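Some notes on the structure that comes next.
The values are calculated or read from the model by the stated rules, or taken from the named source; none is laboratory data. Here the structure is a predicted model, which is why all the values come from computation and not from measurement. A quick note on method: Cβ atoms are made from the backbone with ideal geometry, for glycine too, and the neighbour counts reach across all protein chains shown.
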Amino acid sequence: MNPELVTQLGEGLGSNGLPYTIPIHPNLVHMTLGLFIVAIGFDIVGVLFPLEKPVFKFLAIPATRTNLFDVGWYNMVAAAIITFFTVAAGFYELILAQPLTDVTSPWGLAAMETMLWHGVGGVLLLALIVGMTVWRGFQRYVWRKERAQQVQWLYLLAGLFIFALMFAHGTLGAHMGGEFGIHVTADQLLEMGQDPNTLLQ
């Protein structure tokens with residue numbers, strides 16, 4: 001990479017190491033998580049609907065099994081779409097990262113190793129979410145379109161497995177901000193020997 005370009009880019013960055021005030025990636029991450037969790041959650045509720053129907057009736061909630069599966073499907077599609085932007089923003093902010101180098105994470109990883117695993121994990125999760133969306137689409141429109149239970153148990157188990165991967169991946173992301181100060185304004189100001197209490201008011 002051209003050293004002059006790096007210098008010019010660095011001059012336009014704020015104290016958080018980004019050309020904008022608030023990092024975009026963490027916000028998009030929570031959209032991905034929320035949409036995916038809701039998608040799998042509503043599909044689980046839809047599968048268990050025969051057991052829950054008396055509860056819905058008692059609470060006067062006009063729920064139908066089809067509507068629950070609709071929520072699962074549309075949230076999964078939205079999760080797949082937003083995750084492309086989540087990963088893109090993550091890589092952009094990863095390129096601009098200037099982590100603290102004299103610390104290790106609670107998992108014993110250095111900053112560069114943590115960033116590498118987080119980047120690889122992000123691409124893996126994107127592929128898995130897109131794969132789950134395609135799988136969900138085939139169940140909805142081809143394989144199980146005539147059945148009351150729109151999703152397979154294996155699909156739900158795969159979704160729960162992805163939850164576990166998301167937890168591990170999110171922990172790496174938390175280490176990047178909490179331990180290595182990546183795009184955390186206060187940490188970066190302390191590293192530069194400045195007082196965040198006077199500059200961030």
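Observations, loosely collected:
- Among the residues here, Ile162 qualifies as closer than 21 Å to Pro26 by Cα, at pLDDT 85 or above, among the β-branched types (Val, Ile, Thr) and crowded, with 17+ Cβ neighbours inside 10 Å.
- The residues of segment 114-149 that are basic (Lys, Arg) and in a helix (DSSP H, G or I), listed by number, are Arg136, Arg140.
- All conditions but one from (1) part of a helix (DSSP H, G or I); (2) surrounded by 13 or more Cβ atoms within 10 Å (Cβ to Cβ) apply to Phe167; the one that does not is (2).
- Scanning segment 65-106 for residues that are polar (S, T, N, Q) and within 30 Å of Gln149 (Cα to Cα) yields Thr66, Asn67, Asn75, Thr83.
- Meets criteria (among the aliphatic types (A, V, I, L, M) and either in contact with a Gly (Cβ under 6 Å, 6 or more places away or on another chain) or in a helix (DSSP H, G or I) (or both)) for Val87: yes
- Taking residues in segment 81-94 that are crowded, with 20+ Cβ neighbours inside 10 Å, and partners anywhere that are of a type in the set (Phe, Trp, Tyr) and part of a helix (DSSP H, G or I), the pairs with Cβ atoms closer than 9 Å and at least 6 places apart or on different chains are Thr83/Phe36.
- Every residue from segment 95-113 that is without any contact (Cβ under 8 Å) to a residue 12 or more places away in the chain and assigned to a helix (DSSP H, G or I): Ile95, Glu113
- Checking each residue in segment 118-130 for being in contact (Cβ under 8 Å) with a residue 40 or more places away in the chain and either crowded, with 17+ Cβ neighbours inside 10 Å or of a type in the set (Asp, Glu) (or both) picks out His118, Gly121, Gly122, Leu125, Leu126, Ile129.
- The residues of segment 141-155 that are over 11 Å from Val47 (Cβ atoms) and at pLDDT 90 or above amount to a single one, Leu154.
- Here Thr133 meets the list (1) buried (at least 19 other Cβ atoms within 10 Å of the Cβ); (2) within 26 Å of Ala88 (Cβ to Cβ); (3) modelled with pLDDT under 85; (4) of a type outside the set (D, E, K, R) almost entirely, failing just condition (3).
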